[in-house]
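Notes follow once the structure below has been shown.
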Amino acid sequence: MKYWLFKTEPDVFSIDDLIREKLSYWEGVRNYQARNYLRDEVKLGDLVLFYHSRLEPPGVVGIAEVAKEASPDPYQFDPNHKYFDPKLKGTEPRWFGVHLKPHTKFDELISLDILKKTKGLEKMVVTQKGSRLSIQPVTKKEFEIVTKLAGVTAK
């Protein structure tokens, strides 16, 4: 099993949206490194720290679980959709997404400031200056520290 952090803007898609939908396709990733993680490394059963960005303060609000591995993002082919990719040639997909299901919603947000100040998270990707990638690997130890901060045990 691997661990991840997925960033989302809560006004676009929040943890409450995921809980309400019960299963959701994580679409719209248009960064090659993030795409490669989704397509090649994110696997069924992996756990995801659900991170609300563009919020004051930003931070981790819960855990999701990968319910279905990567499949082509259908919106890349739809000229009427905001995630349409006009540079695509034919039907060969460039962009991928995974399905997530809710696992645990934290009682309180674990802010980025708290993550940055917590021993053992110094090398966590999200705590690094200039870290903007929407899909980030997380070590098992980092995942355990974050869930401990939230007062939950994820299995």
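The values are calculated or read from the model by the stated rules, or taken from the named source; none is laboratory data. On a predicted model such as this, the values are computed, not experimentally measured, just so you know. Virtual Cβ from ideal backbone geometry, glycine too; neighbours counted across all protein chains shown. Areas reflect the complete protein model, heavy atoms only, side chains present, ligands, DNA and RNA absent. Shrake-Rupley method; radii C 1.70, N 1.55, O 1.52, S 1.80 Å.
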Taking interchain pairs and intrachain pairs at least six residues apart, which have beta carbon atoms under 8 angstrom, with the first residue in the stretch 132-154 and closer than 20 Å to LEU38 by Cα and of a type in the set (Ser, Thr, Tyr) and the second outside any strand (DSSP E or B) and open to solvent by 20 Å² or more (accessible area, probe 1.4 Å)?
SER134/ASN31
Number of the exception - PHE84 against (1) at pLDDT 95 or above; (2) out of contact with any strand residue (DSSP E or B) (no Cβ under 6 Å at 6 or more places or on another chain); (3) more than 20 Å from LEU18 (Cβ to Cβ):
(1)
Check whether at least one residue in the stretch 115-129 is open to solvent by 30 Å² or more (accessible area, probe 1.4 Å), touching a helix residue (DSSP H, G or I) at 6+ places or on another chain (Cβ under 8 Å) and hydrophobic (A, V, I, L, M, F, W, C), and report yes or no.
no
From the option list LYS105, LYS22, LYS82, LYS89, single residue qualifying as over 22 Å from VAL125 (Cβ atoms), more than 15 Å from the chain's Cα centre (by Cα) and touching a residue at least 60 places away in the same chain (Cβ under 8 Å) is LYS22
Report yes if some residue within the stretch 75-98 is touching an Asp or Glu at 6+ places or on another chain (Cβ under 6 Å) and part of a helix (DSSP H, G or I); otherwise report no.
yes
